[in-house]
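The values are calculated or read from the model by the stated rules, or taken from the named source; none is laboratory data. Just so we're clear, the structure is a prediction, and the values are computed from it rather than from any experiment. Positions of Cβ are backbone-derived with ideal geometry, glycine not excepted, and every protein chain shown enters the neighbour counts. These accessible areas exclude ligands, DNA and RNA; they are computed on the full protein's heavy atoms, side chains included. Shrake-Rupley method; radii C 1.70, N 1.55, O 1.52, S 1.80 Å.
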Amino acid sequence: MTSLDSSFTAMLRPFLKYTGQEDLTPDARLRDLGLDSMQAIELLFCIEDEFGVTLPDDKLVDATFETAGALWSAIDELRPAVREAS
């Protein structure tokens, strides 16, 4: 499984009210940690600003937001395309 980027976990943590001081792992279930649908929308805007990517419609599904690892994988897949376009 892909390890999580530290800037990603720092950005994600404020959206997860039940994490406490625990480390975020790739298998951390985002809904169990407090991410709701309204926060997911706000999180999308943060992802766009922080990483310069836009998740395509086929990635805007529950499976993408199920775990921290799934969400990071979706973002990380898009990052090379952004770097190449620069």
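Every condition in (1) out of contact with any strand residue (DSSP E or B) (no Cβ under 7 Å at 6 or more places or on another chain); (2) of a type in the set (K, R); (3) modelled with pLDDT of 95 or more holds for R29 except the one numbered (1).
Inside the chain, counting only helices (runs of 4 or more DSSP H) that do not spill past its ends, which hold 1 or more residues that are touching a residue at least 60 places away in the same chain (Cβ under 8 Å)? If you could, list the steps in order and put the result at the bottom.
Working: elements: 6-12, 37-51, 68-85.
Per the criteria, 6-12, 68-85.
Test T54 against the stated conditions and say whether it is open to solvent by less than 20 Å² (accessible area, probe 1.4 Å), polar (S, T, N, Q) and either under 22 Å from P80 (Cβ atoms) or at pLDDT 95 or above (or both). Break it down stepwise before answering.
Working: open to solvent by less than 20 Å² (accessible area, probe 1.4 Å): no; polar (S, T, N, Q): yes; either under 22 Å from P80 (Cβ atoms) or at pLDDT 95 or above (or both): yes.
Answer is no for this residue.
Please go through the range 36-55 and pick out each residue that is in contact with a helix residue (DSSP H, G or I) (Cβ under 8 Å, 6 or more places away or on another chain) and under 15 Å from W72 (Cα atoms). Selection gives A40, L43, C46, I47, E50, F51, G52, V53, T54, L55.
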